[in-house]
Amino acid sequence: MEMEKLVSLCRRRGILFQSSEIYGGLNGFWDYGPLGVELKRNVKEAWWRDMVSAHDDLATLPGAPSPYEMTGLDCTIIMHPQVWKCSGHFDLFVDKMVDCRETKKRYRYDQVRGRWVEAKGEKIFVTTVAEDEGPEIERRALKHFKIRSKDADQLAWDGPLTTLDKIDLADFTKALAPEASELGTFTDPRDFNLMFPTTIGALAGEEGRAFLRPETAQGIFVNFKNVIDSSRVKVPVGIAQIGKSFRNEITPRNFTFRSREFEQMEIEFFCHPSQSADWYKYWRDRRMKWWQEIGLAGDRLILRDHHPDELSHYSTGTADIEYAFPFLPEGEYGELEGIAHRGDFDLRSHMEGKLDPNSCPLTLQLGEDGKPVHKGSGRDLTYRDDMTNERFTPHVIEPSAGADRGVLALLCEAYTEDTAPDDKGEDQTRVVMKFHPRIAPIKAAVFPLVKKDGMPEVAQDLYRAIKKKFPAFYDEKGAVGRRYRRQDEAGTPYCITVDGQTLQDNTVTMRDRDTLEQVRLKLDDVVAEIERRVTGE
């Protein structure tokens with residue numbers, strides 16, 4: 001599937017728009033249109049229902065070490081600045097960036113890709129940030145060496161494509177920056193903090209300085225004791241939150257995959273340290289199964305356990321659920337969700353102060369004066385088991401999913417081109433979004449075959465009945481075949497047509513989006529049949 005086709009469909013059908021488009025757009029920010037907002041809402045509601053509201057806390061679910069409870073929070077986007085100092089974001093939430101002195105453009109260090117090539121006695125590292133990187137790198141190499149395309153065999157390539165951060169800094173003088181005409185225009189890499197700063201109230205300077213949250217997790221950690229004390233839930237317990245986060249990405253790219261404003265669906269699961277390894281395995285497997293159940297069931301979805309070299313010292317396990325997005329090079333995957341075993345790092349940090357993630361066991365990070373670098377709250381965030389009277393600092397398992405990345409993966413998976421007969425019975429290519437019925441923006445569309453003989457009135461009554469339960473669409477304009485095509489592009493799983501036979505026996509035709517099968521149903525049974533198909537019950 002070509003990404004350009006999906007982007008075009010998203011704009012044409014009202015799924016996604018560039019933010020502030022009439023003013024030229026704002027890079028890294030996206031608006032969800034009428035269909036897009038329903039799709040994203042369905043994903044979030046499915047996640048909340050499956051993880052929180054429909055959770056059975058009295059039974060041991062398959063794979064779970066024991067029964068557990070689930071509850072939710074909705075925390076503020078702006079929090080006390082000390083939260084981000086103790087969590088480590090203030091000091092460590094950085095990406096390496098490089099600038100090009102010629103073009104004045106800025107790039108994330110590990111996202112600039114390139115390849116070594118030699119010609120005419122000179123060896124250089126040609127880079128690009130274009131999605132079509134192979135042909136673009138060759139084009140730029142030919143231009144640099146002043147070689148015609150037909151003589152491209154004069155280029156001697158050395159090694160595969162790699163990222164800029166994998167080459168020696170001493171070789172920067174031989175690197176050709178994206179869009180640059182001269183070699184050696186990259187600056188040395190330097191840290192760039194990804195948090196958006198803001199000001200609280202009328203105070204200027206450090207006193208009024210705050211930040212837009214870069215993640216939703218910290219709101220859960222600082223409210224852990226409030227939740228335990230107010231709701232009487234017991235460990236093991238998961239606290240869930242869906243909300244906006246903000247990261248000042250150096251180079252937003254790949255449609256909505258890497259944005260500056262995005263929405264997360266996160267759970268912080270608090271458990272006894274002795275059971276944390278088993279809970280980590282449970283959440284890793286359960287979250288993978290959930291994505292498969294809502295439509296990512298193909299081989300483009302993988303579960304990748306982090307190599308020990310990738311793990312933080314305080315983590316005994318991290319796994320990423322990854323998807324082969326079409327804008328990535330062949331064989332590469334992009335993160336959809338991370339499941340991390342975080343130990344007691346976060347609760348201890350907010351109790352004691354900033355912990356050193358590079359020391360094991362974790363110790364308080366002290367400055368040259370021997371005092372904590374960032375002072376903690378001093379509050380007791382431990383937990384006492386009222387059955388055993390044991391007091392401990394819970395370990396945390398964190399399944400953290402991106403709602404926007406989830407929507408993008410579902411869009412990529414759903415996009416299909418196939419053939420179907422038109423109004424004349426001739427096969428025509430159609431674009432169809434094969435969403436799982438549960439997350440489809442519109443569940444059913446209702447058509448009167450013609451705009452006369454009482455068909456519109458019957459169709460409108462049926463439309464209203466469906467809409468009491470599910471998002472529905474009414475359309476009486478154009479040939480039925482064209483109406484089908486419009487709903488196929490929107491991903492509507494079921495289309496119901498009111499025709500002449502309806503007026504005789506109160507039956508209608510229901511068409512399945514994927515199989516194209518058409519069945520006759522009684523008018524009174526339509527809503528129940530759609531509900532059965534959507535819920536699978």
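Quick notes on this one:
- Ranking 83, 36, 54 by how far each Cα lies toward the positive end of the dipole of the stretch 15-90 (charges on Cβ) leaves 83 at the top.
- Placing +1 on the Cβ of every Lys and Arg and -1 on the Cβ of every Asp and Glu, with nothing else charged, gives the stretch 200-294 a dipole about its Cα centre of roughly 240 debye.
- Potential extension, residue 37-residue 371 segment - 0.36 nm per residue separation minus Cα distance: 115.4 nm
- Neighbour cut-off at most 14 other Cβ (10 Å), DSSP loop, GluC sites (Glu not before Pro), the stretch 419-488: 426
- Global form of the chain, assessed from the alpha-carbon gyration tensor, a/c cut-off 1.5: oblate
- Footprinting exposure proxy ranking of 251, 363, fewest other C-beta atoms within 10 angstrom first, gives 363, 251.
- Förster-model FRET efficiency, 35 Å R0, residue 29 and residue 528, C-beta, rounded to 0.05: 0.25
- Per DSSP, loop GluC sites (Glu not before Pro) in the stretch 133-198 with at most 15 further Cβ within 10 Å: 179, 182
- Extension gain, residue 275 back to residue 335 (0.36 nm per residue minus Cα-Cα distance, nm): 18.9 nm
- Estimated from helical segments only, the mean residue ellipticity of the chain at 222 nm is -7500 deg cm²/dmol, where each DSSP H run of four or more residues counts as -39500 (n - 2.57).
- Distance between the modelled labels on residue 50 and residue 469, one decimal in nanometres: 2.2 nm (7 Å Cα→Cβ projection).
- Pairs of Lys residues in the stretch 442-535, spaced 8 or more positions apart or belonging to different chains, with C-alpha separations under 14 angstrom: 5 in total.
- Pairs exceeding a 26 Å alpha-carbon distance, out of 143/166; 104/166; 5/166: 5/166.
- Two-site FRET efficiency, residue 21 against residue 226, from Cβ-Cβ distance with R₀ of 35 Å, rounded to 0.05: 0.25
- Neighbour cut-off at most 12 other Cβ (10 Å), DSSP loop, trypsin sites (Lys or Arg not before Pro), the stretch 434-484: 451, 452, 468, 477
Rule-based calculations on the coordinates, nothing more; no lab input. Small disclaimer: the values here were computed from a predicted structure and weren't measured. Every residue, glycine among them, receives a Cβ derived from its backbone with ideal geometry; neighbour counts consider all protein chains shown.
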